[in-house]
Structure formats: C-alpha cells, structure tokens
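*Asks:* First, the structure itself, so that you have it in front of you.
The values are calculated or read from the model by the stated rules, or taken from the named source; none is laboratory data. The model shown is predicted, which means the values in this text are computed figures rather than measured ones. Cβ atoms come from the backbone with ideal geometry, glycine included; neighbour counts cover every protein chain shown.
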C-alpha cells in the first residue's frame, strides 16, 4: 500500500470501531437494565437503521459529490464519536441507548461509504485491491470492540466506549489532514434527486447491487450472532473453556484478511468470479452450521467459524468494486451510498428475522436461514 491508501485504511479502521461498540458491552447493558437477551437484535438494528437513514440522506442530498469527502468524513467521525460516548453515561435508559446508537449509525454513513468514495477518487486502476484493504479495515474495526473488551475486563465496561470514540476522533482528523480530495473526483454542482432511480437502469450495476444485497442478508446477522453462537456452544458443552470476547474478535477479524486477499486476486481474476465463489462458500457454511454447532469438538467448530468469517465478507470489496465501476462517474459516491442504504436495510430484516424465529426454531438450526440471502445474490449474478 502507498501512503495515501494506508492513511485511508487506518482512518477507516479507527472510525468503524464505533459500529459494534454497543454489542461488545451487551452483557453489561442487559445486566444493568435487566433486559432480555433479544435486546442484542434491537441495539444492532438501531445502529443499522441509523446508518440507513444517514446513507439515504447523504444520497438524496448528494453530499459526497457536492462537498469535500475528507471534510464530510471528519465531521461525521466527530459527531459519531460524541453520540457513541453518550451511551456510557450513568442513568441512561433503554430508549436513550437506542436513540444514540441510531445517531451513531447515522454519522457512520459519512464514514464507511465516504471512505470508499475517497478511495475511488484516488484509484481507478486497481480499485478492487484498494477496496479490499478498505473493507478489511471496516471488518477489523467492527471486530475491535470485542478485543478491547477482552483486555479491559478489570476496568469498567465504559472503557470500551471511551476507547472507540477516541479512535473515531483520531481517524477523522487523520483523514482530513493527510488525504485531500482525489485527482479523479468530479464535483456534482446540483442536487440529483433522480439518481436513486436512474442508476438501476444499468443491468451490470443492477446485478452487482443485487449480489451485494444477498451478501448483506447474511453478513451482519452472522457478525451480530457470533457471540451468541459461541455462548450457545459453551452452554451446550460447559466443560469447554471458551473465551467468547476474544474468539468473537478473532472470528470477525479473520474477514479482514479475506478482504485483502480477494482484493489482490481481483487484479488477476474477474471480481465477479471471485465474488460468486465467496458467496457460494458462505451459502454452504450457512447450511452446514447446524452440524458444527451440535458436535462436541470445539476445534472443528472454531475452524469452521474462522472459515465462515472469511468467506462471509470476502466478496464485499468485490461487490463494491463492481458497483463503483458500473456507476456514472459524476454520481459514483451517491451510487455507492444508495447501494449501501438498501443493503443495510436488508441487514435489519435478517437480524430481526433470526431474532423472531429463535423462539420457534432450535438454536443450532437458526443460522441455516441466512442462506436465503446468498441464494438470491447468486441468482442475480448468474443472470448477468
């Protein structure tokens, strides 16, 4: 990586550490407020819904095409970090937690898709490789609060929140100071309210987008429920020593390696082919999950979850590459934001779907239903 891409990746990692900060301290929130375990789905959906609302707002107003992306990134990082801190305050109630996670998610819309926009303004050749590093930073940032939680077990749980907010402030500042607007940036001078509808007329854009939507049905539900899977397994086999926070971090973070590798492979092979392979592999993992969650070998389970953690996100930078390559240049940032908006709306549906059916389906069979998304995505890819 060159200096510019390294800076973008570090900034993205620091800022996206906010994403699962609330999830990492979920046991403490549930204990303090005497909540049901199902609150995990609600707090995850709150930040996802905030992100969706933010991406929709940014897309309709074409924020990243009309204003300096680095400035948008900085302002978003500061505001997201502030709203993240608020959930650590004493006396906060359930509604306030959900509202401030929503607001954190809203301004994450000025971080993740804007980071992709900044990268695409610097790299037209080798975009897949660049986005591989960038999405890898998102994955590592998403996993990081679990690692922070593991190493702050002797401190108040609020330290996880303080740490991730500080990283967000730092990441936004680094991006603004060291990454000016890219050489391939094209400024949109007027609002384009019809962009939301016109971009889907391109069949290649449409196929990439629907492949991404199928991938998103599975991705965040898998990430959100990794600790739940591990806790279920530990309860089923109580003699097994399993550090849930540490392995949640490692399993989710393994996807960052896969993103970098898939980005590298996209330089030699067609991004669509690699994305199809990864989506197929993750679909198979969904279907095989009941087998591994019910057998007694923890090593087999962990190997399986590490593999799933890699293939579940390996296609993400490739779908983003395909979307960026097939979007109109003057509205590339808006197009990426639109696709992110719809994709994250789908994550809420899948997370709540798993939450609802958990009352009717045996725990080890729950995650087989995540295969629905990859199947839909594969159908879209094969039709192009």
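*Asks:* Look at region 5-32 and say how many of its residues are part of a loop (DSSP other than H, G, I, E, B) and over 15 Å from residue 109 (Cα atoms).
*Replies:* Total meeting the criteria: 1.
*Asks:* Being under 11 Å from residue 25 (Cα atoms) and either in contact with a helix residue (DSSP H, G or I) (Cβ under 8 Å, 6 or more places away or on another chain) or in a loop (DSSP other than H, G, I, E, B) (or both) is the filter here, so list the residues in region 153-180 that pass it.
*Replies:* 153, 156, 157, 159, 160, 161
*Asks:* Name, by its number, the condition in (1) more than 19 Å from residue 375 (Cβ to Cβ); (2) in contact with a helix residue (DSSP H, G or I) (Cβ under 7 Å, 6 or more places away or on another chain) that does not hold for residue 275.
*Replies:* (1)
One line per residue, one yes/no per condition, for (1) touching a residue at least 24 places away in the same chain (Cβ under 8 Å); (2) surrounded by fewer than 21 Cβ atoms within 10 Å (Cβ to Cβ); (3) in a loop (DSSP other than H, G, I, E, B); (4) on the phi > 0 side of the Ramachandran plot:
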| position | (1), (2), (3), (4) |
| --- | --- |
| 91 | no, yes, yes, yes |
| 96 | no, yes, no, no |
| 100 | no, no, no, no |
| 106 | yes, no, no, no |
| 134 | yes, no, no, no |
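*Asks:* Within region 85-130, can you find the residues that are under 18 Å from the mean Cα position of the chain (by Cα) and at pLDDT 90 or above?
*Replies:* Correct list: 101, 102, 103, 104, 105, 106, 107, 108, 109, 110, 111.
*Asks:* Which one of 279, 250 is within 20 Å of residue 215 (Cα to Cα) and part of a helix (DSSP H, G or I)?
*Replies:* When all the criteria are applied, what remains is 279.
*Asks:* Another question, then. Just to be sure before I move on: is residue 229 at pLDDT 90 or above and under 26 Å from residue 368 (Cα atoms) in the structure I sent?
*Replies:* Here the answer is yes, as residue 229 does meet what is asked.
*Asks:* Using the structure shown, decide if residue 305 is under 17 Å from residue 221 (Cα atoms), over 22 Å from the mean Cα position of the chain (by Cα) and surrounded by 20 or more Cβ atoms within 10 Å (Cβ to Cβ). Steps first, please.
*Replies:* On the way: under 17 Å from residue 221 (Cα atoms): yes; over 22 Å from the mean Cα position of the chain (by Cα): no; surrounded by 20 or more Cβ atoms within 10 Å (Cβ to Cβ): yes.
Answer is no for this residue.
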